[in-house]
Amino acid sequence: MREEFYKTLSSPIWWGTLAIAAIMPFVLSSYYVHILTLALVYVALASSWNIVGGMAGQISLAHSLFIGIGSMFSAALLLKLGINMWLGLVISAVISGILGAVIAWIDFRFQLGHLSFVLITLAFAEMGSIVVEGWDFLGGASGLLLPKDTGNFLAFQFGGGHGAFWMMLGLAAICVLVNVAILNSPLGYYLRTIRDNEKAAQAIGVNILRYKITAMVISAMLASVVGTAYVRYLTFADPYLLISPVITIEIVLFATVGGLGRAYGPALGALLLVPLGEILRGKLGSTLPGLHYFIYGIVVISVILVTPRGLLPLFERLWARWRGPAVAGKS
Amino acid sequence: MLEIDNLVAGYGGVPVLREINAKIAAGEIVGLLGANNAGKTTLINSLSGMVKPISGRILFLGEDISKLTPQARVELGIVQVPEGRLVFPEMSIRENLLLGGINAHARKHRPQQMEKVIGLFPRLGERLTQSAGSLSGGEQQMLAIGRGLMAEAKLLMLDEPSLGLSPLFVQYIFEIIDKLHADGLTILLVEQNLNLTLRHARRCYVLERGQVAAEGDAETVKNDPRTRSAYLGL
């Protein structure tokens with residue numbers, strides 16, 4: 001089962017794509033580099049969410065909590081206690097992991113159905129945003145302003161612009177690779193048995209509690225790390241962006257449009273939809289306010305109607321059809 | 001091999017099964033009969049650990065297993081083939097079968113076990129890479145049984161294997177069950193189909209409203225007036 005992962009690791013297409021992506025900052029204007037950086041943030045977030053939401057089929061809306069801890073908490077640690085942001089990243093990731101484990105345990109212990117799980121995780125997310133807005137240590141409602149990014153790597157600074165883009169590229173690549181690794185490992189199979197049918201999973205002896213917790217902890221920790229990197233890029237820790245359940249809804253949307261439970265699906269969704277949203281806003285936002293939301297909504301709805309399982313399966317079908325006659329001709 | 005001792009079990013503290021006593025000897029094929037709502041599935045789920053007992057004991061090979069988790073019981077060899085087949089539709093037949101043998105005990109022998117299952121169900125062997133969701137109902141039932149066998153079951157519990165199958169497939173599945181029995185596997189057969197079960201099981205228990213209404217060898221149960229009343233509610 002693991003061969004697929006090593007094949008990916010040694011695949012020239014993978015490294016070629018990464019290399020081409022890495023030279024983008026030299027080719028594109030800073031506006032487009034910014035859009036791509038944002039897209040990579042969401043590639044990383046949607047991919048980390050996919051481990052729980054896609055593979056295990058548990059639609060978690062708690063991920064704003066993990067992103068929020070990674071961003072707001074590590075920012076607060078730096079500003080209020082002077083704790084290095086690298087260390088803050090680790091502390092936040094550990095806290096997120098523990099919280100994720102608690103949520104997974106609650107889900108198992110009380111045998112929550114799909115809808116109850118969605119609502120419970122949403123309640124956790126709402127609680128998180130209320131705590132942040134009411135607690136001055138975390139910046140309260142006005143947020144926190146990080147010191148200027150001077151490119152001091154030891155202080156978790158990447159020099160803005162290009163540096164931030166490369167850092168996000170690396171992080172997004174890691175998140176996608178973790179997806180590939182899990183999907184091709186026993187864990188990935190167990191998660192899919194849980195998604196397909198918990199009862200059948202139990203009948204073959206899958207330890208449901210253990211794997212639900214494992215998936216949630218990995219997912220939560222990744223989301224938290226991405227949160228820390230994101231807030232460093234933004235410089236301003238805005239609670240209404242970083243710990244609002246809206247950010248989770250966006251992630252779920254990207255993952256669904258791209259292809260739930262697939263290694264590259266969420267990445268594809270984010271890479272298409274984030275630039276689309278940003279460019280529509282840039283081009284139309286000033287002429288007719290709200291129009292960009294309208295067009296964006298129509299695009300998303302059309303995709304879901306045409307290919308409910310996401311764009312990746314659609315592309316695969318088109319690719320197979322295009323290759324089909326050639327393969328048949330050979331044999 | 002299995003001994004159920006005054007078992008009371010149910011959901012949310014409300015008992016469905018009331019003081020069940022039953023025994024299955026090694027190598028036996030035992031039928032569990034009863035109308036809808038008699039408690040058959042609750043009983044089989046208590047044996048596999050999906051329903052926690054309220055009181056009473058379940059002994060397997062002399063050991064009390066009533067507090068063990070479902071996966072620990074699979075490891076011991078108590079394997080359930082759930083009602084409605086419940087294969088993993090998006091995975092291939094090979095992956096479904098391999099997943100049957102993930103418990104620590106069975107994992108080592110997966111290749112040999114796979115050969116055996118394919119020998120038993122050549123139809124599955126012909127389409128190992130096909131997705132399980134594309135199989136017919138009868139083939140899915142074969143796959144579900146094959147997946148159970150992959151776990152190196154000592155006690156195989158089949159929950160309504162004839163449900164929703166064409167008569168031809170029902171006959172085929174029961175021939176397989178006979179074959180497994182002949183090879184020495186202990187089988188608990190949960191069925192609504194009275195005549196079919198009485199033909200294949202040596203001994204039967206008839207459940208009615210959570211209690212054992214009748215028990216004994218197939219002939220006795222067949223002629224017991226309580227069997228009829230359990231089914232017709234008279």
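For every residue, the table says whether it meets (1) touching a helix residue (DSSP H, G or I) at 6+ places or on another chain (Cβ under 9 Å); (2) surrounded by 14 or more Cβ atoms within 10 Å (Cβ to Cβ); (3) modelled with pLDDT under 85; (4) in a loop (DSSP other than H, G, I, E, B).
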| site | (1), (2), (3), (4) |
| --- | --- |
| B:G133 | yes, no, no, no |
| B:E139 | yes, yes, no, no |
| B:R147 | yes, yes, no, no |
| B:A153 | yes, yes, no, yes |
| B:M157 | yes, yes, no, no |
| B:I177 | yes, yes, no, no |
| B:R226 | no, yes, yes, no |
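Before we move on, is B:E115 open to solvent by 50 Å² or more (accessible area, probe 1.4 Å) and within 21 Å of B:Q192 (Cβ to Cβ)? Walk me through it before giving the result.
Values: open to solvent by 50 Å² or more (accessible area, probe 1.4 Å): yes; within 21 Å of B:Q192 (Cβ to Cβ): no.
Taking the combined requirement at face value, the residue does not satisfy it.
Say whether the condition of being within 24 Å of A:N152 (Cα to Cα), among the charged types (D, E, K, R), in a helix (DSSP H, G or I) and in contact with a helix residue (DSSP H, G or I) (Cβ under 9 Å, 6 or more places away or on another chain) is met by at least one residue in region A:107-114. Walk me through how you get there before you give the answer.
From region A:107-114, those within 24 Å of A:N152 (Cα to Cα) are none; that's our starting set.
Within region A:107-114, none of the residues are within 24 Å of A:N152 (Cα to Cα), among the charged types (D, E, K, R), in a helix (DSSP H, G or I) and in contact with a helix residue (DSSP H, G or I) (Cβ under 9 Å, 6 or more places away or on another chain).
Hey, can you tell me all the residues within region B:67-91 that are more than 8 Å from chain A (Cβ to nearest Cβ) and open to solvent by 20 Å² or more (accessible area, probe 1.4 Å)?
B:K67, B:L68, B:A72, B:L76, B:E83, B:G84, B:R85 - these are the residues of region B:67-91 that are more than 8 Å from chain A (Cβ to nearest Cβ) and open to solvent by 20 Å² or more (accessible area, probe 1.4 Å).
In region B:159-175, which residues are among the hydroxyl-bearing types (S, T, Y) and surrounded by fewer than 18 Cβ atoms within 10 Å (Cβ to Cβ)? It would help to see each step written out before you state the result.
Quick first cut of region B:159-175, residues among the hydroxyl-bearing types (S, T, Y) only: B:162, B:166, B:172.
Within region B:159-175, B:S166, B:Y172 qualify.
Hey, does region A:218-233 have a residue that's buried (at least 21 other Cβ atoms within 10 Å of the Cβ) and either without any contact (Cβ under 8 Å) to a residue 24 or more places away in the chain or outside any helix (DSSP H, G or I) (or both)?
No; the residues of region A:218-233 include none that is buried (at least 21 other Cβ atoms within 10 Å of the Cβ) and either without any contact (Cβ under 8 Å) to a residue 24 or more places away in the chain or outside any helix (DSSP H, G or I) (or both).
Yes or no, residue by residue, for (1) over 30 Å from A:F26 (Cβ atoms); (2) touching a Pro at 6+ places or on another chain (Cβ under 8 Å):
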| residue | (1), (2) |
| --- | --- |
| A:I120 | yes, no |
| A:V131 | yes, no |
| A:G139 | yes, yes |
| A:T150 | no, no |
| A:Q157 | no, no |
| A:M168 | no, no |
| A:K199 | yes, yes |
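Output the residue which, of all residues in region A:234-258 that are touching a strand residue (DSSP E or B) at 6+ places or on another chain (Cβ under 8 Å) and not hydroxyl-bearing (S, T, Y), is least open to solvent (accessible area, probe 1.4 Å). Reasoning before the result, please.
Our first condition is that a residue be touching a strand residue (DSSP E or B) at 6+ places or on another chain (Cβ under 8 Å); within region A:234-258, this holds for A:235-237.
Next cut, not hydroxyl-bearing (S, T, Y) only: A:236-237.
Working: A:F236: 80, A:A237: 0 Å².
So, considering only residues that are touching a strand residue (DSSP E or B) at 6+ places or on another chain (Cβ under 8 Å) and not hydroxyl-bearing (S, T, Y), the one least open to solvent (accessible area, probe 1.4 Å) is A:A237.
Could you tell me whether region A:195-211 includes any residue that is within 14 Å of chain B (Cβ to nearest Cβ), in contact with a helix residue (DSSP H, G or I) (Cβ under 9 Å, 6 or more places away or on another chain), surrounded by fewer than 19 Cβ atoms within 10 Å (Cβ to Cβ) and aliphatic (A, V, I, L, M)?
yes
Consider A:G261 against the criteria (1) touching a residue at least 24 places away in the same chain (Cβ under 8 Å); (2) open to solvent by less than 40 Å² (accessible area, probe 1.4 Å); (3) in a helix (DSSP H, G or I): it satisfies all of them except one. Which criterion is unmet?
(3)
Restricting to region B:20-50, count the residues that are touching a strand residue (DSSP E or B) at 6+ places or on another chain (Cβ under 7 Å), in a loop (DSSP other than H, G, I, E, B), modelled with pLDDT of 90 or more and of a type in the set (A, V, I, L, M). Steps first, please.
Our first condition is that a residue be touching a strand residue (DSSP E or B) at 6+ places or on another chain (Cβ under 7 Å); within region B:20-50, this holds for B:20-24, B:26-34, B:38-44, B:46-48.
Within this subset, residues satisfying the condition of being in a loop (DSSP other than H, G, I, E, B) are B:26-28, B:34, B:38-39.
Filter again for modelled with pLDDT of 90 or more, leaving B:26-28.
Now drop any that are not of a type in the set (A, V, I, L, M), which leaves B:26.
Final tally of qualifying residues: 1.
For region B:92-112, name all the residues that are buried (at least 19 other Cβ atoms within 10 Å of the Cβ) and either over 23 Å from B:P70 (Cα atoms) or away from chain A (no Cβ under 12 Å) (or both).
The one that is buried (at least 19 other Cβ atoms within 10 Å of the Cβ) and either over 23 Å from B:P70 (Cα atoms) or away from chain A (no Cβ under 12 Å) (or both): B:I93.
So which of A:E126, A:E133 ends up being on the phi < 0 side of the Ramachandran plot, under 23 Å from the mean Cα position of the chain (by Cα) and acidic (D, E)? Talk me through it step by step, then tell me what you get.
On the way: A:E133 fails: under 23 Å from the mean Cα position of the chain (by Cα).
Going through A:E126, A:E133 in turn, the sole match is A:E126.
The values are calculated or read from the model by the stated rules, or taken from the named source; none is laboratory data. The structure presented is a predicted model; accordingly, all values stated were derived computationally and were not measured. Virtual Cβ from ideal backbone geometry, glycine too; neighbours counted across all protein chains shown. Heavy atoms of the whole protein, side chains included, go into the accessibility calculation; ligands, DNA and RNA do not. Shrake-Rupley method; radii C 1.70, N 1.55, O 1.52, S 1.80 Å.
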